[in-house]
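Here is the structure we will look at, set down as structure tokens.
Just so it is clear, none of the values below were taken in a lab; they were calculated from the coordinates. Here the structure is a predicted model, which means the values were calculated and not measured. All Cβ positions, glycine included, derive from the backbone under ideal geometry; neighbour counts span all protein chains shown.
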């Protein structure tokens, strides 16, 4: 359940379980987001449009907003995107559903070390996980339906199943493939990253 902070012009929501603690909110708008303060969110400390723009850039989707001043609400992009981040997680953007939660953005673990699977919790940094964000793997190039949802399901002790039209890209935005279903590694051991190759069985992955 997201905690909400209502101001005069904007209401900010925060879902702790999705946060990857990248601190981009604090670094961009410290007057609004300050973890050393209680409450740590002050929705009246900056113009609503500045806050909304910052939240749209939150990769994890932990932060959301609702305009109270009649301003533009966030809408998902027409084409779902899954980006493979260098030495890090999968960054999803679009009309995304993870489990029972619907969101515009999410960062999902691919190192296998997160204590908050399927979400990333930055464990890849401590684990010194290494995996390129610029894979050269060739993938399908399907025609994609626009405006359709993307459902992410963590298969127990196995890969991440993505159902729905998506464009898979490198961390810098280069296209890898366009597809309607994909099985992506989340144990960190696949030799064909970002795709699953069954290595989770060999390494005894649980989660």
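Here are a few things to note about the model shown:
- Pairwise Cα inverse-distance average, inverted: Kirkwood Rh of the chain (Å): 17.7
- Alpha-carbon centroids, region 26-47 and region 1-23: separation in whole Å: 11
- Fraction in percent of alpha-carbon pairs per bin - 5 Å, region 80-203: 2, 12, 23, 27, 21, 11, 3, 0
- Where only C-alpha atoms are counted, convex hull volume of region 162-207 per residue in Å³: 82
- When the helices of the chain are scored as -39500 (n - 2.57) per DSSP H run of n ≥ 4 and the total is divided over every residue, the value at 222 nm lands at -2500 deg cm²/dmol.
- Cβ crowding within 10 Å averaged over residues, with 71-80, 21-30 ranked highest first: 21-30, 71-80
- Relative contact order for region 100-207: 24 percent, from Cα pairs under 8 Å spaced at least 6 residues apart, divided by residue count.
- FRET efficiency for residue 127 and residue 53, using Cβ-Cβ distance with R0 set to 41 Å, rounded to 0.05: 0.80
- The residue 206 and residue 139 beta-carbon pair, evaluated with R₀ = 41 Å, returns a calculated FRET efficiency of approximately 0.90.
- Entry note: region 3-67 has Rg to Rh equal to 0.90, where both radii use alpha-carbon atoms and Rh is the Kirkwood radius.
- Rg/Rh ratio calculated on Cα atoms of region 1-40 (Kirkwood radius): 0.95
- Sequence-separation-based contact order of region 1-152, relative, with Cα cut under 8 Å and 6+ spacing, percent: 21
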